[in-house]
Structure formats: C-alpha cells, structure tokens
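Take a look at the structure set out below.
Where a number appears in this text, it was derived from the coordinates with a stated rule and is not lab data. Predicted, not measured: the structure shown is a model, and the values here were computed from it. Because the Cβ atoms are built from the backbone with ideal geometry, glycine has one as well, and the counts that use them run over all protein chains shown.
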Amino acid sequence: MRDGISGSPFLTVTARALAALALLTLAACQSGSGDTRQAGLAPQVIGSAQAAVAPTAVPDPVTVDSVALVPASAEARGHAALVIDAASGAELFAANADAPRYPASLTKMMTLYLLFEAVERGELTLDTPLAVSARAAARPPAKIGLATGSTITVREAAQALAVRSANDVAVAIAERLAGSESAFAAQMTAKARSLGMSRTRFVNASGLADTRQVTTARDMAILGRALKARFPQYAAYFRATSFAYNGRTFEATNKLLGRVPGVDGLKTGYIGLSGYNLVATGSRGGRGFVVVVMGGKSESARDAEVTRLIETYF
C-alpha cells in the first residue's frame, strides 16, 4: 500500500485479517484432531447475481470466526467438481464441492479482481506502469520473463495473468497494490469474505505451492461468477487464445477456448499439491454456466471432464 494512507479503513481490515490468520495458525498447532468438516456450509444456490457482484468500496470486516472456518490444509490432488447456472447461481451438479482443495493458479482470479477494482476506483489506469522487483522477477514459471527494474502496464499485466498465468506478473501487481505480497494476500482473503467465499484463505497472489492457501470448488465458482459479472469490460482478456509481449507470443493455458462451443474463459491452475484445476465459463442457448473441476489427474483428463459436464448440463 502506498505511503500516506496508513489510517485507511482498508488497512484496518488487513490488520484484522493478519491477526485472524495468526490465531488460526496457533489453533492449528494446538489441535491434533485434523477434522476439517463444517456443518451448514453447503448452499445449493450461489447467491443472486446482484449479491455476488455488488461493488464494495471496503470489504466486510474479517472476523476470527470466519477465517477459522478455513481448514489448516487441503487434500492433496483431491477431486472436486461443481456446475452452476451463471444467472441464477443454481447448482446443477456437485461432487466434493465444499471439500478443502488447493487453488493453484485459480488464485489469480482474485488477483485480477482486486486489480480491476483498483482501476475502477481510479487508483490506476490500464496504462499505468507496474514496477518489477527482484522478488517478482525471480518467481518460477509459469512466467513471461520480466526483468528486475523493468515495468509492465496494467493492461499487459491483466492479459498476462488471464492468458498465460504469469507468476512474475502476479507479484508485481501485489506489490504495487499493497506494498508486499503478504499484505496483498490479506486483502485477497478479506475480499473473499465479502464475496461469500467462507472457506478460502489466500497467502500469495499467484497460487504457487503453500499448504495454507486453501479453497473449495464452490468458492472458486463464486469468484469466477463474480469476476465475469462485475467486470464484463475485460471479458476479451479471458477469451484470448494468445498474448504477445516483448516480441514473444504466449499461448493460452485454457485449451477449451475455440475448441468447446460456448466456452469464453476463465482460468486454469496446476501445482503438484492441487492436480489440474479449471474454472470454465460460457453460455449455450442463452444460458450462462460456470463449471469447476479441481484435482484432475492430467490436463487432458480435466479438460475432458469439464467438456462432459458442459455437454451434460448445457
């Protein structure tokens, strides 16, 4: 976060989020039960479209109780799937939709959400240059090879995340918006709470492996639906099959684009802990959909499952 705004309500929220995470870590260390089940957290309808995407200048306060709903860790490569109607939020199919999972690069949907909010508030424009720190440049692939001391515009950064899932770019965004990646992760978690993502904790902006970074298929559906509905002006970024930057062309990680009728986005993810993840959005016959598959055994298996779910329910 830039200097001169240390007394802002948003930083108060961030401080509460960090305190809540500290209490959760202590509780996890003192408990040996390992039970990650929570009752009463499996809604059959993911809110109304208006409720899911209503603009919020300052996220709702993060309480210890709300963060404590997030399990200390998730099942490695655990399978989960969810199909919802994008307009109504109605659940059409679910398998382990509320079980804790690792988001991998699905995380970048929230990084983009906060970036687009900053543009909406006038803090940045699409042409604003983002500085690249040594830490950002050193992130492992996927990346676009940003050099320390270089800059990338907000427009290019958004495209790099949506198309190529660039880890170096994610950190550059986080550091510009919050001063550090850890502070940005607290903002991400606070925003997750305000969107109704009760079982998600973010600790980094990219989705790189960290067992504390936990979510569910349902929470990722909430985020994907909100991202598309709140910021339709950026839909072309998620439809793009390639992205050109600094003389290189990067192919989209979402291979369903242009291959499965109706698909118009949204985000892939993979780390060893998670398996192959995908949130796919689109429409058929005037009906919008959000399909989430997590823990796929391979990219092709994940894509085939998402395709089958689209064909079955739409």
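Could you tell me which of Met109, Ile144, Pro129 has its Cα farthest along the dipole of the range 72-145 towards the positive end, charges placed at Cβ (Lys, Arg +1; Asp, Glu -1), taken about the Cα centre?
Ile144
Once you order the gyration tensor axes a ≥ b ≥ c over the Cα atoms, which shape class does the range 128-255 get: rounded for a/c under 1.5, otherwise prolate or oblate by comparing a/b with b/c?
Note, shape of the range 128-255 comes out oblate.
With +1 on each Lys and Arg Cβ and -1 on each Asp and Glu Cβ, and nothing else charged, work out how big the dipole of the range 62-165 is about its Cα centre, in Debye to the nearest 20. Display every interim value, and only then the final one.
Details: 9 positive and 10 negative charges, 123 e Å.
Here the range 62-165 has a charge dipole of around 600 debye.
Taking the Cβ of each residue in Arg259, Arg230 as the centre, tally the other Cβ atoms inside 10 Å and list the residues starting with the fewest. Numbers along the way, then the final one.
On the way: Arg259 11, Arg230 19.
Placing the least packed residue first, the sequence is Arg259, Arg230.
Rounded to the nearest Å, what's the spacing between the alpha carbon centres of the range 124-160 and the range 74-88? Just the number, please.
30
Is the range 201-314 rounded, prolate or oblate when judged by the Cα gyration tensor, a ≥ b ≥ c being the square roots of its eigenvalues, rounded requiring a/c under 1.5 and prolate requiring a/b larger than b/c? Walk me through the numbers before you get to the answer.
Details: a/c = 1.35, a/b = 1.13, b/c = 1.20.
In terms of gyration-tensor shape, rounded.
Using +1 on the beta carbon of Lys and Arg, -1 on that of Asp and Glu, and nothing else charged, what's the dipole of the range 123-202 about the Cα centre, debye to 20? Numbers along the way, then the final one.
Details: 10 positive and 6 negative charges, 78 e Å.
Taking the Cα centre of the range 123-202 as origin, the dipole is about 380 debye.
Just rank Phe93, Phe202, fewest to most, by other beta-carbon atoms within 10 angstrom. Write down the numbers at each step before the final one.
Details: Phe93 13, Phe202 28.
Fewest to most other Cβ atoms nearby, the residues stand as Phe93, Phe202.
Would you mind ranking Ile271, Ile144, Ile173 by Cβ crowding within 10 Å, fewest neighbours first? Show your work: numbers first, answer last.
Values: Ile271 20, Ile144 23, Ile173 29.
In increasing order of surrounding Cβ atoms, one gets Ile271, Ile144, Ile173.
Label the range 241-298 by shape, choosing from rounded, prolate and oblate, from the square roots a ≥ b ≥ c of the eigenvalues of the Cα gyration tensor; if a/c is under 1.5 it is rounded, and otherwise prolate applies when a/b is larger than b/c, oblate when it is not. Walk me through the intermediate numbers first.
Values: a/c = 2.74, a/b = 1.11, b/c = 2.47.
It comes out oblate by the Cα gyration axes.
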